[in-house]
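Visitor: Structure provided below as structure tokens; questions to follow.
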Amino acid sequence: MKYKFSLLSIFTLFVFGLMTLKVYAQENLPRVMVVVDETIDSKDATARKVAGRIERALLEKGYRIVDSKQFEAVKARDLSGMDAAKAKELGRRYGAEWIISGGAQAEYGGEKEVYGVKMNEYTADGEVKIIITDTGEILALASATSKKSSQGKSQAASKSLEDIGENLAAQVLVKIDAKLKEMREKPIIVDLIIQGINDAALAKIEQELPGKISLIQKMQLRYMEGTSASYDVTIKGTVDELRKAFTSLAEYQVIGVSGNRIDVSTKVSGVKKASMAMSSALDVTEFKVDNIFPAQFTFYSKHPIGKVTLENTGKADIKNIKAKIFIPNYMSFASEQTIPELKVGQKKDFDVSATLDKEKLQSVSEQTVTQIKAEISYNQGGEEKTRSITKPITIYSKNAVSWNRPNQIGAFITYKDDAVQNFSRNVIGNVKFDAAALPNASRNMINAMKIWDAVRAFSINYVSDPWVVADGDVLDEIQFPRETLAKKAGDCDDSSVLLAACLENLGIRTALIGTADHVFIMFDTGINKKNASRVSLDDRQYVIRDNSVWLPLETTIFNKPFAEAWKVGAEGYYKTVDAKGKLDVIDIRNAWEVSPPTNLASDQRVAETPSVAAIEQYLKEDQALLTAKSDQMLNEKVKYLLAKNNESAANEAAMLLANAGKYDEARKSLQPYKSAATLNNLGNIALLQGDSAGAYKNYSSALKADGKDGGFNLNLGLLQYLGGDHSATVESFAEAVSKFPSQEKAYEELGIENIVAEMGQTKAAEKSAVIDRGELQSLLFSALKDLQSGSKARAASRNIRRGENKFVFGGRRGIDPTQLSNIKDFLYWKI
């Protein structure tokens, strides 16, 4: 069979094809709403000259236009500063996918004569912006100016505005075409409402739809209300293409399309064509909640986990709005908040608070997805109404922490846990160590060594766990200290958390050090930076924080001696510093202010504390290693200083020798010199030897030689304190501080802030007699108070006379040596 086609039939098919392509193109172009405020001589113009020209140009290109009669009350000035929520609400209300908003003004410029004819001149300017209603994003801006003349004023004004309209329309078309081309290559987000589903069907729909509709790249559930679910759907294509895709599926029926929103139903019979789902005068514009970290439940009791944003889109005020928030199985009671009134067009936020059930959270051992429910009741026009919406929420395991929020680690430092307290106090109370074997070591350092070696004796195995990225969070699993004591295994953060908890239980300040892929710890020795040489003669072996000396420890080598952990920790710290790498220092006490300690492992049974003998054996090993290293460094340093053959170097050598317990060598190095600095330092040597009379003699001589140095008064005050003369102690401290420009400078130079810092620490369970730091604190504060009130310190010699002072710790003959380790930290050395 042969087919014959006439020219007319071919032409008809060609025209039909063109018309089909045009219709298809129009269906895929966005629906636009044009809102332009127009004025002539500062008065509103009703003719819509500019808006009309823009609408006409868009219509000629096939764009769909929202009839201006639908939004007569909407002014462009009301849209200035419009956010994404407001833009989306307008898009839904008027069916607009894009809004062109702006203003144009025509102002009279006066008369002028042209070829003998008087003409009226108007100058106009205008500007518009193109906004996507779904996101509030400004796509493009356009602006124009014009000057027109005519014999009539109204004609001139109209011409100027019409010219502005033509100019802006041309710019808008060019910019929209360019943006559309760009957008067709990028995904867009569509608000998809699915009716007729339940919780059980959610997972199935989310899994199947992207496979059935290739346009869909991602589905994110916003919330559920009744049997309807609201999704943010990311698609590669247009809203109309998505509509057509749903139309082709037998199990769905499209019941409404408006702007960037599509409503579909799983019930394909008896469904109204108009989309009324999830519509209300009280609009929930946002329901946002954070994923939950169980260990932060104390933090959540005081801080919201999200917010619900409500907007009154109706025509009457809404009163007595109540929002109840509840997470089934994880909250015993719903949290409730009230907004007395929400006026027309007003928007307000509800904080989403959650008082979580600790017992339930303690059982969360892996990531769980559950539902959070918001029940919103309100009164409108005397009628009580209720909206109930739900949203999925992720609850991470009880051990999860986000390193994007490093202060969360504070929740895991459970220093008051019975297991931590019993372990720490048993070790400190029962493990013996001769402090004289390490004369330069502070009490904090000795106690840290005891805890380190006790954990070392536990034989904790290093087991790593990988970091995981979830919803933008870098997640890690952290064991509570009790869990590490029970399992005898953990990674770098687990061991750091255990050590920090034990040290904080003893009142020792700690901080975690976070690098790009590692966590370790450092602790405060309690030694002021002025005495840093007591800790090490190598300034890269310690870190100065808050005017105090801190020691880094590498906690992944718990099976190694304390000295090696210190060495490796310091090397790791300064290696990162030198490379200008990532280095976060998380002060544990600051972290507690954000995330207080939370024990979610109270059901774990811990292993028994290792034997005292095993711990003491490790301590002896540490003492030998540290002594050998410090002696080598000391001998080299002293030899170097004495070779300089000057008084300043000799005083520095004497300080190092005295702190190391080598008093005779220290005194010998100062024999050739008699300055105030040397006399003060000789007083320190005498005090450290327990010779109160010798100390008083030298301090008094130093003050006579140089009465301007407040450090000498500080040392005298410490001597008076040891002698039990508290009144004189107060006067000496006040005199010391008065010799500096400010109290802050005195604190820094004299190291007095360390006295205050240590006084505030929790006392360890030590049975030996120690100086009452609280008493010393009150004395210091009394000194500062006396200084502020203007009272003058009396002469020190009035209260201490040679041979007359009775020392409460050691009688007339001298000072009890057990007290000197504390005073040693505060002595002022003049170099």
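The values are calculated or read from the model by the stated rules, or taken from the named source; none is laboratory data. Small disclaimer: the values here were computed from a predicted structure and weren't measured. Note that each Cβ is placed from the backbone with ideal geometry, even for glycine, and that neighbours are counted across all protein chains shown. Only protein heavy atoms, including side chains, enter the accessible area calculation; ligands, DNA and RNA are left aside. Shrake-Rupley method; radii C 1.70, N 1.55, O 1.52, S 1.80 Å.
Visitor: Working carefully through the options ASP603, ASP664, find the one that is outside any helix (DSSP H, G or I) and either free of Cβ contacts under 8 Å to residues at least 40 places away in the same chain or open to solvent by 50 Å² or more (accessible area, probe 1.4 Å) (or both).
Guide: Selected residue: ASP603, the only one of ASP603, ASP664 that is outside any helix (DSSP H, G or I) and either free of Cβ contacts under 8 Å to residues at least 40 places away in the same chain or open to solvent by 50 Å² or more (accessible area, probe 1.4 Å) (or both).
Visitor: Next question, about the same structure. Out of ILE527, ILE521, report the one residue that is surrounded by 24 or more Cβ atoms within 10 Å (Cβ to Cβ) and at pLDDT below 90.
Guide: ILE527
Visitor: Mind checking which pairs have a first residue in the range 349-375 that is more than 19 Å from PRO597 (Cβ to Cβ) and a second that is β-branched (Val, Ile, Thr) and open to solvent by 40 Å² or more (accessible area, probe 1.4 Å), Cβ under 8 Å, 6 or more apart or different chains?
Guide: Listed by first residue and then by second, the contacts come to GLU375/THR386.
Visitor: Taking the residues in the range 289-316 that are more than 23 Å from PRO596 (Cβ to Cβ), among the aliphatic types (A, V, I, L, M) and crowded, with 17+ Cβ neighbours inside 10 Å as candidates, determine which candidate is nearest to the chain's Cα centre (by Cα).
Guide: VAL308
Visitor: Here is a further query. Keeping to the range 324-354, report how many residues are of a type in the set (Gly, Ala, Ser) and either at pLDDT 90 or above or under 23 Å from LEU90 (Cβ atoms) (or both).
Guide: The number of residues fulfilling the criteria is 1.
Visitor: Identify, from the list ASN440, ASN426, ASN444, the residue that is closer than 22 Å to GLU483 by Cα and surrounded by 15 or more Cβ atoms within 10 Å (Cβ to Cβ).
Guide: Selected residue: ASN426, the only one of ASN440, ASN426, ASN444 that is closer than 22 Å to GLU483 by Cα and surrounded by 15 or more Cβ atoms within 10 Å (Cβ to Cβ).
Every residue, every condition in (1) open to solvent by 60 Å² or more (accessible area, probe 1.4 Å); (2) free of Cβ contacts under 8 Å to residues at least 40 places away in the same chain, yes or no:
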| position | (1), (2) |
| --- | --- |
| ALA591 | no, no |
| PRO597 | no, no |
| THR609 | no, no |
| GLN617 | yes, yes |
| LYS637 | yes, no |
| GLU647 | no, yes |
| ALA653 | no, yes |
| LEU657 | no, yes |
| LEU670 | no, yes |
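Visitor: Mind telling me which of the residues ILE428, ILE478 ends up being of a type outside the set (S, T, N, Q), out of contact with any Pro (no Cβ under 6 Å at 6 or more places or on another chain), farther than 30 Å from ASN531 by Cα and touching a residue at least 60 places away in the same chain (Cβ under 8 Å)?
Guide: Being of a type outside the set (S, T, N, Q), out of contact with any Pro (no Cβ under 6 Å at 6 or more places or on another chain), farther than 30 Å from ASN531 by Cα and touching a residue at least 60 places away in the same chain (Cβ under 8 Å) holds for just one of ILE428, ILE478, which is ILE478.
Visitor: May I ask you to verify whether VAL233 is open to solvent by 60 Å² or more (accessible area, probe 1.4 Å), in contact with an Asp or Glu (Cβ under 9 Å, 6 or more places away or on another chain) and outside any helix (DSSP H, G or I)?
Guide: In short, no.
Visitor: Being modelled with pLDDT of 90 or more and more than 47 Å from the chain's Cα centre (by Cα) is true for just one of ALA658, ALA624, ALA653, ALA643. Which residue is that?
Guide: Exactly one residue qualifies, and that residue is ALA643.
Visitor: Still on this structure, please answer the following. Applying the selection to the range 195-218, what residues are more than 12 Å from TYR231 (Cβ to Cβ) and assigned to a helix (DSSP H, G or I)?
Guide: Those that are more than 12 Å from TYR231 (Cβ to Cβ) and assigned to a helix (DSSP H, G or I): ASP199, ALA200, ALA201, ALA203, LYS204, GLN207, GLU208, GLY211, LYS212.
Visitor: Specify the residue that is farthest from PRO552 (Cα to Cα); the eligible residues are those in the range 496-518 that are of a type in the set (S, T, N, Q) and buried (at least 23 other Cβ atoms within 10 Å of the Cβ).
Guide: Among residues in the range 496-518 that are of a type in the set (S, T, N, Q) and buried (at least 23 other Cβ atoms within 10 Å of the Cβ), the one farthest from PRO552 (Cα to Cα) is ASN505.
Visitor: Name the pairs whose Cβ atoms lie under 6 Å apart, with the first residue in the range 244-258 and open to solvent by 30 Å² or more (accessible area, probe 1.4 Å), the second part of a loop (DSSP other than H, G, I, E, B), and 6 or more positions between them or separate chains?
Guide: Listed by first residue and then by second, the contacts come to GLN253/VAL268; GLN253/VAL271; SER258/GLY95.
Visitor: A follow-up question, please. Which one of the conditions (1) open to solvent by 30 Å² or more (accessible area, probe 1.4 Å); (2) of a type outside the set (Lys, Arg); (3) over 26 Å from the mean Cα position of the chain (by Cα) does ALA563 fail to meet, given that it meets all the rest?
Guide: With respect to (1) open to solvent by 30 Å² or more (accessible area, probe 1.4 Å); (2) of a type outside the set (Lys, Arg); (3) over 26 Å from the mean Cα position of the chain (by Cα), ALA563 is out only on (1).
Visitor: When the residues of the range 576-589 are narrowed to those that are aliphatic (A, V, I, L, M) and either surrounded by 13 or more Cβ atoms within 10 Å (Cβ to Cβ) or within 19 Å of ILE478 (Cβ to Cβ) (or both), which ends up nearest to the chain's Cα centre (by Cα)?
Guide: ILE586
Visitor: Please enumerate the residues belonging to the range 389-423 that are open to solvent by 40 Å² or more (accessible area, probe 1.4 Å) and touching a Pro at 6+ places or on another chain (Cβ under 9 Å).
Guide: If the condition is that a residue be open to solvent by 40 Å² or more (accessible area, probe 1.4 Å) and touching a Pro at 6+ places or on another chain (Cβ under 9 Å), then TYR415, LYS416 are the ones that fit.
Visitor: Same structure, new question: Taking helices (runs of 4 or more DSSP H) that do not extend beyond the range 690-755, which have at least 2 residues that are modelled with pLDDT of 85 or more and surrounded by 20 or more Cβ atoms within 10 Å (Cβ to Cβ)?
Guide: The helices (runs of 4 or more DSSP H) meeting that bar are 692-705, 710-722, 726-738.
Visitor: Identify the residue in the range 181-200 that is more than 15 Å from VAL233 (Cα to Cα) and in contact (Cβ under 8 Å) with a residue 60 or more places away in the chain and, among all such residues, is most open to solvent (accessible area, probe 1.4 Å).
Guide: Going through the qualifying residues, I end up with ASP199.
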